[in-house]
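FYI, it's all coordinate maths here, none of it is from the lab. Everything numeric here is computed off the predicted structure, so don't read it as measured data. Neighbour counts are summed over all protein chains in view; Cβ atoms, including those assigned to glycine, are modelled from backbone coordinates with ideal geometry.
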Amino acid sequence: MATSWHCHFQSDVARRGTISLAIVGRPNMANIASQKKRILRSERERTENRLLTSTIKTYFRRLEAAVESGDADTIAAEQRSLVSRIDKAVQKGALHKNTAARKKSRAARIAGA
């Protein structure tokens, strides 16, 4: 009989009086302390990487909107800020350098059109 993580979590709280390091949606939590820390750390890193890649997509939309408006100064500023965000994501390890090069090339192509 499989129990849901929620029931297991509640019984854990009732038994020990403390809240364990359970992560939502993951029924099997590690028993080893270093692995618990690793799970939490990888979740934090995943969230930060998602934030960085999502921001890059937003800046692409801003660049495309600037191209639609036709203002050359705005286009140049948006492209610079997009390239800066891409480089920052590579520094932090959220993007591979080849992916960054491809995205910068795409940004230059959009800005030049």
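If the condition is being surrounded by 12 or more Cβ atoms within 10 Å (Cβ to Cβ) and charged (D, E, K, R), then segment 62-71 contributes Arg62, Glu64, Asp71. Residues in segment 40-52 that are surrounded by 14 or more Cβ atoms within 10 Å (Cβ to Cβ) and either in contact with a helix residue (DSSP H, G or I) (Cβ under 7 Å, 6 or more places away or on another chain) or among the aliphatic types (A, V, I, L, M) (or both): Leu52 only. Just so you know, in segment 72-92 the residues that are among the acidic types (Asp, Glu) and surrounded by 13 or more Cβ atoms within 10 Å (Cβ to Cβ) include one that is farthest from the chain's Cα centre (by Cα), and it is Glu78.
Pairs, please: C-beta under 7 Å, at least 6 apart or cross-chain, first residue assigned to a helix (DSSP H, G or I) and in segment 85-113, second among the polar types (S, T, N, Q)? What qualifies is Arg85/Thr55; Ala89/Thr53; Ala107/Gln79; Ala111/Gln79.
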